[in-house]
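J.: Handing you a structure now.
The values are calculated or read from the model by the stated rules, or taken from the named source; none is laboratory data. Just so we're clear, the structure is a prediction, and the values are computed from it rather than from any experiment. FYI the Cβ positions are ideal-geometry reconstructions off the backbone, even for glycines, and counts take in every protein chain you see.
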Amino acid sequence: MAVEISADCPRSFDRNLFCISAVAHHRVTAEALEKAIEKEIDALIAKGVTERELTACQNRKLVQFYRSMETLTGKASTLGTYELFFGDYRKLFTAPQAYRQVTAKDIQAVAAKYLVPANRTVGILRPDKESVHGL
């Protein structure tokens, strides 16, 4: 249904948004893709994630973490990030263990608290019809 989908929650000192973005396949309407995403969110809230999905996510996070530390710039940035956003640069030394402590129930509880319809704002961006035909 989608040619691209992503999710992001930027780090910030202020409240921020968890954003899910998707680009619909040319044969799929934006509304149908929105409904499919809502269905997946509802399933996450109702059923949670599988242990396999959790392990895969934890592994990806660990790979990102270790890759961020490959360069001197990456090390400095990670040190600064942990000091600023987590209150102590030394927390980066226990980060891998912290990632492994997240459970499927933790994810389900956070989804149930925050990914509810009352918290959603949906925007659909459509190209101008003249732009599409002008390609």
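J.: For residue 104, are the conditions met, namely being among the small types (Gly, Ala, Ser), surrounded by 14 or more Cβ atoms within 10 Å (Cβ to Cβ), in contact with a helix residue (DSSP H, G or I) (Cβ under 9 Å, 6 or more places away or on another chain) and at pLDDT 95 or above?
T.: yes
J.: What residue, among those in the range 75-126 that are among the hydroxyl-bearing types (Ser, Thr, Tyr) and more than 20 Å from the chain's Cα centre (by Cα), is farthest from residue 39 (Cα to Cα)?
T.: The residue in question is 89.
J.: Residues that are touching a Phe, Trp or Tyr at 6+ places or on another chain (Cβ under 8 Å), at least 2 per element: which helices (runs of 4 or more DSSP H) completely within the range 65-135 meet that?
T.: Fully inside the range 65-135 and qualifying: 72-86, 95-101.
J.: Test residue 62 against the criterion of being modelled with pLDDT of 95 or more, under 18 Å from the mean Cα position of the chain (by Cα), assigned to a helix (DSSP H, G or I) and more than 27 Å from residue 105 (Cβ to Cβ), and give yes or no.
T.: no
J.: Out of the range 1-59, which residues are at pLDDT 95 or above, within 21 Å of residue 121 (Cβ to Cβ) and of a type in the set (Lys, Arg)?
T.: If the condition is that a residue be at pLDDT 95 or above, within 21 Å of residue 121 (Cβ to Cβ) and of a type in the set (Lys, Arg), then 35, 39 are the ones that fit.
J.: Given the condition under 20 Å from residue 19 (Cα atoms) and among the small types (Gly, Ala, Ser), answer yes or no: does some residue in the range 87-109 qualify?
T.: Yes.
J.: Conditions: (1) surrounded by 14 or more Cβ atoms within 10 Å (Cβ to Cβ); (2) closer than 22 Å to residue 13 by Cβ. Residue 44 meets all but one. Number of the miss?
T.: All conditions are met except number (2).
J.: Restricting to the range 21-35, name every residue that is over 17 Å from the mean Cα position of the chain (by Cα) and either in a helix (DSSP H, G or I) or surrounded by 15 or more Cβ atoms within 10 Å (Cβ to Cβ) (or both).
T.: Matches in the range 21-35: 24, 28, 30, 31, 32, 33, 35.
J.: For residue 40, indicate whether it is touching a strand residue (DSSP E or B) at 6+ places or on another chain (Cβ under 9 Å) and either closer than 30 Å to residue 119 by Cβ or not in a helix (DSSP H, G or I) (or both).
T.: When the stated conditions are applied, residue 40 does not pass them.
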